[in-house]
Amino acid sequence: MDPLQWKTYTNTRIHEDLDKLEGFLRLKAEPVGIWNERQAREKQTRSPKCDESGLVAIWQVMMSLGVTPKLTMDDAVSMSFFRSRDETSPLPQFLFSCSRNGMTHTDLLRAMETLSSGRISGRFFEFYPQRRVDIRYWLAGWIKRGVVPLATLNYQKQVRGVSEDERSLYRHMDWYHHMVYAVSYEGVHLTNPISKMKAEHFKQRIESESVVLIPKDEVLRRLQADLDFDQLRTTPEWKQMNVIGQIEVCYILRCGVIRQTEVCHIYRCGVSRQIEVCHIYRY
């Protein structure tokens with residue numbers, strides 16, 4: 001590289017690093033947030049109860065922006081915003097229902113716009129493949145602009161250094177949606193449940209392939225001799241992941257160590273940012 005180009009390059013990197021350092025020092029001095037922890041806990045108790053984390057997160061985003069949903073939670077649940085697992089179907093159909101269970105980022109944005117009568121719109125940022133970004137600095141920048149982040153995390157992804165308290169808090173979750181109510185030097189602050197997650201753990205969980213793990217017991221309980229696996233063999237994504245082979249391994253090792261079957265999933269990890277479009281922004 002030409003010395004002059006190298007000097008320009010290093011100066012640019014230095015300015016970027018100084019900007020990040022300045023941002024981190026501000027975060028350490030004062031968190032950037034939509035609510036403080038007391039307000040977040042109060043809002044959490046007022047949030048509607050629902051098994052679908054996406055709808056709860058949407059309600060909390062709307063609450064933070066001062067927008068009243070035009071429908072009740074019961075009405076929203078009956079709409080086609082999300083899909084449930086088909087627990088009673090044969091194994092192939094059950095696996096397909098698992099791969100489509102919940103709400104995608106498209107569903108979240110559509111539900112947000114519908115329930116707010118068009119007053120709130122959003123944009124999705126995909127984080128797989130990985131983005132070269134410091135997630136605290138990135139989220140804080142959006143929140144300062146009046147944006148309310150809504151994150152989709154994969155809790156089945158193995159993350160190193162997780163405390164036992166954090167592991168037990170999210171033990172029964174796979175893919176889950178959270179509103180981000182604040183960012184601090186210590187980490188990312190989430191709702192439903194109210195919790196604080198280290199930034200590196202948060203980033204790893206939004207940097208995930210679109211896969212979901214199905215426990216071996218769930219597979220073996222539905223395994224029968226006359227099942228039609230043609231759809232699993234012919235669907236490109238399922239063929240590439242060798243789902244049939246994984247099922248065979250589960251059967252062979254049915255008396256051994258608990259294994260899981262990995263199938264493709266409609267979810268994409270990332271962050272949806274929600275903004276008001278009727279001049280009721282939070283700045």
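The values are calculated or read from the model by the stated rules, or taken from the named source; none is laboratory data. Since we're looking at a predicted model, the values are computed, not measured. A quick note on method: Cβ atoms are made from the backbone with ideal geometry, for glycine too, and the neighbour counts reach across all protein chains shown. These area figures cover heavy atoms from the full protein model, side chains too; ligands, DNA and RNA do not enter into them. Shrake-Rupley method; radii C 1.70, N 1.55, O 1.52, S 1.80 Å.
Taken over segment 198-226, the criterion of being aliphatic (A, V, I, L, M), more than 26 Å from Phe127 (Cβ to Cβ) and not in a helix (DSSP H, G or I) is satisfied by Leu223, Ala225. When residues in segment 188-205 are screened for being within 14 Å of Tyr170 (Cβ to Cβ), touching a strand residue (DSSP E or B) at 6+ places or on another chain (Cβ under 7 Å) and touching a residue at least 40 places away in the same chain (Cβ under 8 Å), 5 of them pass. When the residues of segment 112-160 are narrowed to those that are of a type in the set (A, V, I, L, M) and part of a loop (DSSP other than H, G, I, E, B), which ends up nearest to the chain's Cα centre (by Cα)? Ranking the candidates gives Val159 first. Annotation: of all residues in segment 164-173 being part of a loop (DSSP other than H, G, I, E, B) and open to solvent by less than 60 Å² (accessible area, probe 1.4 Å), the one that is nearest to Ile34 (Cα to Cα) is Tyr170. Scanning segment 208-231 for residues that are under 16 Å from Gln260 (Cβ atoms) and touching a Leu at 6+ places or on another chain (Cβ under 7 Å), we see that the one that is surrounded by the most Cβ atoms within 10 Å (Cβ to Cβ) is Ile214. The residue of segment 118-154 that is farthest from Met63 (Cα to Cα), among those that are in contact with a Lys or Arg (Cβ under 7 Å, 6 or more places away or on another chain) and among the small types (Gly, Ala, Ser), is Gly122. The residue pairs whose first member lies in segment 63-78 and is over 16 Å from Thr191 (Cβ atoms) and surrounded by fewer than 19 Cβ atoms within 10 Å (Cβ to Cβ), whose second member is modelled with pLDDT under 85 and of a type in the set (S, T, N, Q), and whose beta carbons are closer than 7 Å, counting only pairs six or more residues apart or on different chains, do not exist in this structure.
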